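A quick write-up on the structure given underneath.
Every number here is computed from the coordinates shown, using simple stated rules; none is lab data. Everything numeric in this text was worked out from a predicted model, so none of it was measured. Counting neighbours? That spans all protein chains shown, and the Cβs are built from the backbone with ideal geometry, glycine included.
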Amino acid sequence: MENKDIIEEKNLETTEKEVVSKNFIEMIIEKDLEEGKVQSIMTRFPPEPNGYLHIGHAKSILLNYGLAKKYGGKFNLRFDDTNPTKEKTEFVDSIIEDVKWIGGNFEDRLFFASDYFGQMYEGAVKLIKKGKAFVCDLTAEEIREYRGTLTEPGKNSPYRDRSIEENLLLFEDMKEGKYTDGSKVLRAKIDMASPNINMRDPVIYRVARMTHHNTGDTWCIYPMYDFAHPIEDAIEGITHSICTLEFEDHRPLYDWVVRELEYDCPPKQIEFAKMYLTNVITGKRYIKKLVEDGIVDGWDDPRLVSISALRRRGFTPESIQMFMELCGVSKSQSSVDYAMLEYCIREDLKLKRPRIMAVLDPIKLVITNYPEGQVEYLEAPNNQENEEMGARQIPFGRELFIERDDFMIEPAKKYFRLYPGNEVRLMNAYFVTCTDYVTDQAGNVTEVHCTYDPETKSGSGFNARKVKGTIHWVAAETAVKAEVRLYENIVDEEKGVYNEDGSLNLNPNSIIILKDCFIEPSITGAKAPDSFQFLRQGFFCLDIKDATPEKPIFNRIVSLKSSYKPE
């Protein structure tokens, strides 16, 4: 084979690999660009401001923003606020904060569907004038009855053949507030025999006297989502309207609206599969009840998977971005294990965060042969896997705190930590040998006594003997007292999320609050949401809601895998 042929074959292999690595939405966009159907890309994230965003929304944000960024386009944040019943400014503010935090850079392109109410009204009038919409007096129940079923066609409304002039007058009267809520609606005139029920003369406007968070009482009629959304996309010049699979059956109506309103550059709707995370609660009504019942302390409770909860828990935007990349984009519905999300936060933090010592369930260790009143400073690396993070000085003294489970009176098999007569290394310090212990009246160990070998100082090069166990510690005199919250899944994973009656299977141990923990003084001056790896414990961050300089409160982001498993 000639060199030219070899080069061409390698180029072909490279091209094929590039194609394989692209998701189906990227392929559609690139085809549209190549064929000149669009000149530049414009995407959007269109939340309804009726609650807090959750981990599933993060996929949509990052997908839409990522596509715009990859192809040199623009990304909008637009609130689909066409239903004022449950919409609040509180939700608007939280969503803006979430989108910014997770990395969806919409720059100055913040829009509201309600800003387009005037244009939507004009669009409805245009449909009436074209004979494509009519005012209907049927009740909501009657409309459902007339609609038909999946196997039987619907039947025309008795008001379907009203004249254009009558429909224009009635619709104007609807806007002027002359009719009661629910008494009249505006419907698109399409096809009551369509195999797609969404095309059977859908309602596109209804009378609803509700105060809107953005427009106040200006309007007493509001557009339906399926009518409003394609108009919003068209007005903003959205080229690719990315949505989830439940809107696939709505696409013919989406296309009908933009076609009948004669937009020059109609947007293209593309659907992808939602991301389902195992054993988590995302339903708004369930979370609302948890909040109202006081089971969680708000929509940002770290046991939830709202974006604000993940932020408070200590997850980083980078970890969620990594998670979404691993999940990928497809048309197939699938579930992802929560453990993958935990893997991503461990991977993101392990080389970035300092590793310090914290004792969460303390008992006192007294080194009986260490000089009383003496404090020395020992050097410890800030991150053993990242030398660029440097080192710190940690105080050491006669009295220390160690973890309660690092001492046993009668050791289990393969237990290499402290017990009477055993020698271990105090991390970054000395070898100590247990000589005695003290218990209270209930038999609980309250104090462990040891002697230390001054020749075994860490970094001294001592290697005359080996020990199997290394434990961490905190000097009692300089320790910072803190509260630590150990979070687990709020769902009982063995039973699943829901009972047969629809109620939640809650984990009674989803939060354990430890009030008397001790941490080395290197955390002094840290501010929320600063995070650390507590050696042998896990990753923790200062709580952004409750922590203060006077009272540090740490949330466990994720635990570490334990090397010791009791038999």
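Worth pointing out:
- Per-peptide average of other Cβ atoms within 10 Å, ordering 130-139, 425-434 highest first: 425-434, 130-139
- Using the Cβ-Cβ distance between residue 274 and residue 438 with R0 set to 60 Å, the FRET efficiency from 1/(1 + (r/R0)^6) comes to roughly 0.55.
- Length gained on full extension, residue 217 to residue 361: 46.1 nm, using 0.36 nm per residue less the C-alpha separation.
- Rounded tilt (10° steps) of 24-34 against the dominant C-alpha axis of the chain: 60
- Amide proton proximity set for residue 336, modelled H, under 5 Å, gap of 5+: 276, 277, 278
- In the chain, helical runs assigned H by DSSP with n ≥ 4 each contribute -39500 (n - 2.57); averaged across all residues and rounded to the nearest 500, the mean residue ellipticity at 222 nm is -8500 deg cm²/dmol.
- Per-residue extension of 0.36 nm, minus the Cα-Cα distance of residue 494 and residue 408, leaves a gain of 27.8 nm for this segment.
- Cα lying deepest toward the dipole's positive end in the chain, options 230, 365, 302, charges on Cβ: 365
- Under the simplified labelling scheme, the residue 468-residue 191 pair shows an inter-label distance of 7.7 nm, with each label point 7 Å from Cα along Cα→Cβ.
- Residue 265/residue 351 FRET efficiency (R0 41 Å; Cβ-Cβ; nearest 0.05): 0.35
- The calculated FRET efficiency for residue 550 paired with residue 27, based on their beta-carbon distance and R0 = 60 Å, is about 0.60.
- Using every pair of separate Cα atoms, the Kirkwood estimate puts the hydrodynamic radius of region 276-349 at 13.3 angstrom.
- Helix 317-327 vs. the chain, principal-axis angle (Cα, 0 to 90°, nearest 10): 70
- Listed values (i) 61, 28, 20; (ii) 44, 32, 21; (iii) 42, 33, 25, entry calculated as semi-axes √(5λ) of the Cα gyration tensor in Å: (i)
- Residue separation of residue 375 and residue 180 scaled by 0.36 nm, minus their Cα-Cα distance, works out to 62.2 nm of gained length.
- Principal-axis tilt of helix 117-129 within the chain, Cα atoms, nearest 10 degrees: 30
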